[in-house]
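Structure record follows, encoded as structure tokens.
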Amino acid sequence: MRIGVLCSGGDSPGMNAAIRGAVLRGVDVHGFEMIGFIDGWRGFHDGEFIELDRPTVRGLSPLGGVFIGTSRVPPWQAPVTPEALDALRAKMADYGLDGLMLIGGNGTQTVSSILWDAGVNVVGLPKTIDNDLAGTDYTFGFDTAVSIASEAIDRLRTTGDSHRRCMVLEVMGRDAGWIALHAGMAGGAQAMLLPEFPESLDQVCAWVANVRDRGRSALIVVAEGFKLEGSEDAVTREGLDGFGRPRLGGVADMLAPLIEERTGIETRSTVLGHVQRGGSPTAFDRVLATRSGIAAADAVLAGDWGKMAGLRGDRIELVPFSEAVGKLKTVPDARYAEVRLNFG
Ligand code: F6P
């Protein structure tokens, strides 16, 4: 059995641990040959890959990023055609591959699903710091991002309090506000603004003023995809990402002067950015990623293709792609309502 591993989309802490888990089980226990494509589909198209074996993955678990690289280079030019799928199958045959392990988020697992429907053997490993992939309770990378964002809140809190300022922290979260919700809860933020739940500027300012009236300084966490009530689009930076989507960012910089103007409270913004995606994964993410890799290798051995190694409770389960793609796992109303009652 010869398996190709590739990563697609933004990196996520734990990707190295996932590859290590898959290789330790796949190569050492099941006797597979495994190769890793460099920079995702780019390496697949260009014939750039490395053999994966035990020495190659030594000591990888605590390392952030991903040693074989990842990219948003697509597997084909959309829309997918039968010819593009034939070309991909032919390439797999050239590499001598019996199947693929695809490590990625929603976009990547959508590709996995298309490939599986076209008869290509694929197993998915779910990752994204945004935690917005359906079919799994958590994705590796999320816990690390939340820990980093929580620490940032703790740090902003002390300087904000000293100057009696309102601090606005922007975290990642394109379509789902999981990082903002969990980091805000962990850090005791006075409001979390999420992409799923637009709020008015009046409401945000009322929360900030209320905090001041209680003798405290407000700390607001805002997800990059948050929209003020009545706004059609999230705040974007120049340019498009590798998937052709507008690059998000800047909502904290947009909100801070508006809050200051309306409330008279000096307000500062911080954009946490890629710090959330970098560095060593938490122990939770290392364990989740390693278990995903092991489960993916076991699925290959069992011929259980067409599935993703998702976390359900404390078990890693093989979830059909059809249950994971085509929908995002957003923050449910009840989770927002649970915290919103205490905003301000
Ligand atoms: O999809 C994960 C994510 O972290 C999003 O929250 C964010 O919009 C995006 O990646 C940014 O990624 P990049 O800067 O690599 O394009």
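The dipole here belongs to the chain: it is taken about the Cα centre, uses +1 on the Cβ of Lys and Arg and -1 on the Cβ of Asp and Glu, and is about 720 debye. Taking all protein chains together and rolling a 1.4 Å probe, Thr108 ends up with roughly 10 Å² accessible.
Sort largest first and round to whole Å: the equivalent ellipsoid semi-axes of the range 79-150, each the square root of five times a Cα gyration tensor eigenvalue. Could the numbers behind the result be given before it?
Working: eigenvalues 179, 29, 18 Å².
Semi-axis lengths for the range 79-150 are 30, 12, 9 Å.
Assign unit charges at the C-beta atoms only (+1 for Lys and Arg, -1 for Asp and Glu), then state the dipole size of the range 144-277 relative to its Cα centre in Debye, rounded to the nearest 20. Each step should come with its number before you reach the end.
Working: 15 positive and 19 negative charges, 91 e Å.
The dipole of the range 144-277 has a size of about 440 debye.
One quarter of the surface of the convex hull around the alpha-carbon atoms of the range 261-344 equals 9.6 nm², the direction-averaged projected area. Residue ranges 29-37, 214-222 sort as 214-222, 29-37 when ordered by packing (mean number of other C-beta atoms within 10 Å per residue, highest first).
Pairwise Cα distances in the chain exceed 27 Å in 46 percent of cases.
Relative contact order for the chain: what is it in percent, counting Cα pairs under 8 Å that are at least 6 residues apart?
Values: 789 pairs, mean separation 82.1, N = 344.
After rounding, I find 24 percent.
Look at the dipole of the range 1-158 built from charges on Cβ: of Phe67, Gly119, Met92, the Cα furthest out on the positive end belongs to Phe67.
Shape class for the range 1-81, computed from the alpha carbon gyration tensor (a ≥ b ≥ c): oblate, with a/c not under 1.5 and a/b at or below b/c. Estimated at the nearest 10 Å², the accessible area of Asp46 is 100 Å² with a 1.4 Å probe.
Please list, by residue number, every one of the trypsin sites (Lys or Arg not before Pro) in the range 248-298 that is coil in DSSP and has at most 13 other beta-carbon atoms within 10 Å.
Sites meeting the loop and neighbour criteria: none at all.
Electrostatic bookkeeping for Val66 treats Lys and Arg as +1 and Asp and Glu as -1; over the other residues with beta carbon under 14 Å from its beta carbon, the sum is +3.
Averaging Cα coordinates gives a centre for the range 21-54 and one for the range 119-166; these two points are 27 Å apart.
Using DSSP, restrict attention to beta bridges with both residues in the range 144-277 and report what percent are antiparallel, rounded to the nearest 5.
Restricted to the range 144-277, the bridges split so that about 10 percent are antiparallel.
Across the range 144-277, the relative contact order, built from alpha-carbon pairs under 8 Å that are at least six residues apart, equals 32 percent. Along its principal axes, the range 51-185 has C-alpha extents of 63, 38, 24 angstrom, given from the largest down. Placing unit charges on the Cβ atoms of the charged side chains and taking the dipole of the range 180-311 about its Cα centre, the candidate lying farthest along the positive direction among Val235, Thr282, Gly306 is Thr282. For the range 144-277, the spread of Cα coordinates along the three principal axes comes to 46, 33, 22 Å, biggest extent given first.
Using the Cα atoms as the points, what is the convex hull volume per residue of the range 204-251 in Å³? Kindly include the intermediate steps, with their values, before the conclusion.
On the way: hull volume 3.6 nm³, N = 48.
Expressed per residue, the convex hull around the Cα atoms of the range 204-251 is 76 Å³.
Only lysines eight or more places from Lys91 in sequence, or on another chain, were considered; those with a Cα closer than 25 Å are Lys307.
When the charge dipole of the chain is built from unit charges on Cβ atoms (+1 for Lys and Arg, -1 for Asp and Glu) and taken about the Cα centre, the candidate among Asn106, Val211, Pro195 whose Cα reaches farthest toward its positive end is Val211. Note on Asp213 and Lys327: their simple-model spin labels are 4.1 nm apart, each label 7 Å out from Cα toward Cβ. Largest accessible area first, the residues His163, His45 order themselves as His163, His45 under a 1.4 Å probe with ligands, DNA and RNA left out.
Where only DSSP H runs of four or more residues are counted, the chain gives -12000 deg cm²/dmol as its mean residue ellipticity at 222 nm, each run worth -39500 (n - 2.57).
The values are calculated or read from the model by the stated rules, or taken from the named source; none is laboratory data. Since the structure is predicted, the reported quantities are computational estimates derived from the model, not experimental observations. Cβ coordinates were reconstructed from backbone atoms using ideal geometry, including for glycine residues, and neighbour counts include every protein chain displayed. Accessible surface areas use protein heavy atoms only, side chains included; no ligands, DNA or RNA. Shrake-Rupley method; radii C 1.70, N 1.55, O 1.52, S 1.80 Å.
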